[in-house]
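The values are calculated or read from the model by the stated rules, or taken from the named source; none is laboratory data. Treat the numbers as computed from the prediction; the structure is a model and nothing was measured. A quick note on method: Cβ atoms are made from the backbone with ideal geometry, for glycine too, and the neighbour counts reach across all protein chains shown. SASA here: full protein model, heavy atoms, side chains in, ligands and nucleic acids out. Shrake-Rupley method; radii C 1.70, N 1.55, O 1.52, S 1.80 Å.
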Amino acid sequence: MENKLIYDVEEKPEKRSQWLLFSIQHILAMLVACITVPILTGLPIAATLVSAGIGTLFYILVTNRKSPVFLSSSFAYLSPMSSALAVGLLHENTGRNYMALILGMILVGLVYVIVALVIRAVGTSWINKLLPPIVVGPIIMVIGLSLAGSAVSNLTAEATSGYNLIAILCGLIALLATAMACIFGKGKMISLIPFVIGMVCGYLAALIFTIFGTIFDVAYLKIIDFSPLKAIFVDDFGIHSIINYRLFVPNNAESFIFLRFNEIKDFDFGKIGEIILLFVPVSLVTICEHIGDHKNLGNIINRDLLNDEPGMSKTLIGDGVATAISGTLCGAANTTYGENVAVIGTTKVASISVISFAAILTIIIGFITPFTALLATIPGCITGGVSLILYGFIASSGVKMLISEKVDLTDNKNIFIASVILIAGIGGLKLLFGNALNPVITISPIAVAMILGILLNFILNLKKDKPVEEPIKEEVQEAKEEE
């Protein structure tokens with residue numbers, strides 16, 4: 001039975017208020033993951049938000065408004081990004097190597113474009129043989145399940161202030177409100193914005209505890225950290241506290257990285273080979289993730305995004321060039337976001353107009369300092385609670401693909417392939433090349449799981465199964481004749 005969408009890809013919400021709320025929901029879904037990448041790498045947060053919006057709009061343009069995908073900062077490149085920031089600089093330069101990030105992301109975009117051109121020339125049949133449902137389905141499950149630790153860590157507040165039962169309560173309130181809005185609000189507006197409802201309810205609960213914690217000076221109850229707002233309105237108030245014009249100020253800590261002239265002018269181009277080794281292998285892996293995400297989304301919206309419209313060549317070009325643009329602006333790669341795919345799957349709102357408006361709002365938010373600061377106050381426990389649904393939905397989509405594609409799980413061959421992918425991916429098997437403490441190349445668990453799945457699928461299919469039905473029928477006939 002096909003999924004029935006409330007708003008299909010080409011359709012627009014009837015009311016502007018709906019349009020706005022649907023778009024905000026997508027922003028909230030991608031927000032924490034988007035800003036986590038710059039937080040972990042020290043890149044500018046506002047620039048990353050702007051890059052996500054610009055990259056998404058570019059992707060939508062290239063794919064002819066046929067694929068409702070939201071692009072934002074990728075975790076897959078965290079390791080090469082961290083390594084690139086420290087290589088290729090002249091000895092007298094003690095800064096960070098932003099030029100290496102720019103070149104690395106341009107290389108990633110180039111790889112995507114080359115693969116897209118090959119696909120345009122020879123078709124996608126080889127991709128379908130390389131990545132059949134028995135490989136892609138478990139990989140989608142791994143993508144969702146591998147994020148489970150992150151969701152739980154955020155929910156319990158262990159990632160920030162330490163284990164906190166009050167934080168867990170606030171996160172579970174957000175989770176419960178999201179689920180109730182989706183299930184019990186059928187036919188009503190709240191069923192279409194469950195994640196907005198959930199996060200608002202969780203935030204209000206956290207706010208109440210924080211107020212009591214402040215009044216009675218109990219740190220355990222202070223769930224919300226208002227320091228981002230304090231920083232712009234109390235510690236350093238000015239025009240930048242309203243409009244983030246510092247994005248365009250050269251050599252500023254908040255500026256786009258192509259304006260970090262002090263950091264890029266001393267790049268040693270003799271190190272370009274090292275940059276290639278850092279980024280190109282990972283780009284091949286994220287292409288596989290790109291395919292998996294688009295297959296997952298296609299199942300949700302009842303379209304083949306890779307073989308029909310817009311086609312894999314266009315989706316790859318859109319994603320790859322968006323990464324090159326993002327790398328120039330903020331240093332991070334762009335990628336499809338499972339959280340936003342999950343939002344579409346949950347709400348059945350696949351409108352490309354909603355995604356486009358969300359991208360525009362994301363760009364605007366990047367320049368509005370108070371809004372960015374307010375979003376930064378959303379506690380990790382709230383997003384962690386909602387992520388239990390989002391990440392679980394991604395994993396469940398992998399199961400759904402196996403069912404919809406009628407993969408025979410009574411066949412040991414398929415069981416072996418799925419088992420290896422699931423255990424290698426969830427178990428965290430990764431490959432390190434070079435010094436184990438500071439590897440030149442790191443292949444992530446998801447990538448290793450996919451590679452193992454592809455190899456095992458190829459090897460186990462070298463020998464085709466012989467039909468067993470006919471010999472059995474002949475033996476039965478012979479037995480009857482003897483009787």
Set Lys4/Lys314; Lys348/Lys400; Lys430/Lys463; Lys129/Lys413; Lys413/Lys463; Lys66/Lys314, cut-off 18 Å on Cα-Cα distance; pairs above it are Lys4/Lys314; Lys430/Lys463
At 1.4 Å probe radius, can you tell me the per residue accessible area of the chain in Å²?
46 Å²
So, by mean Cβ neighbours within 10 angstrom, what's the order for 403-410, 293-300, 448-455 with the highest one leading?
293-300, 448-455, 403-410
How large is the accessible surface of Tyr203 in square angstrom, using a 1.4 angstrom probe and rounding to the nearest 10?
50 Å²
Helical contribution to [θ] at 222 nm, DSSP H n ≥ 4, -39,500 (n - 2.57), averaged over the chain, rounded to 500:
-21000 deg cm²/dmol
Starting from the Cα of Ile363, move 7 Å in the Cα-to-Cβ direction to define the label point; list residues of the stretch 33-52 whose amide nitrogen is under 15 Å from there.
47-52
How high is the FRET efficiency from Ala86 to Leu460, r the C-beta distance, R0 41 Å, rounded to 0.05?
0.45
Per residue of the stretch 212-228, in order, report the coupling 6.51 cos²θ - 1.76 cosθ + 1.60 (Karplus, θ = phi - 60°) as ³J(HN,Hα) in whole Hz, putting x for Gly and Pro.
5, x, 6, 5, 9, 6, 10, 4, 4, 8, 7, 7, 9, 9, 8, 4, x
Label model pair Tyr245, Lys186: point-to-point distance (7 angstrom along the Cα→beta-carbon line) in nm is 5.4 nm
Given a Förster radius of 35 Å and the C-beta distance between Asp225 and Arg16 as r, what FRET efficiency does 1/(1 + (r/R0)^6) yield to the nearest 0.05?
0.55
If you place +1 on the Cβ of every Lys and Arg and -1 on the Cβ of every Asp and Glu, how big does the dipole about the Cα centre of the chain come out, in debye to the nearest 20?
1120 debye
Take the alpha-carbon centre of the stretch 226-264, take the same for the stretch 98-160, and report the distance between them in whole Å.
31 Å
Percent of accessible area on the stretch 320-440 owned by carbon and sulfur, 1.4 Å probe?
70 percent
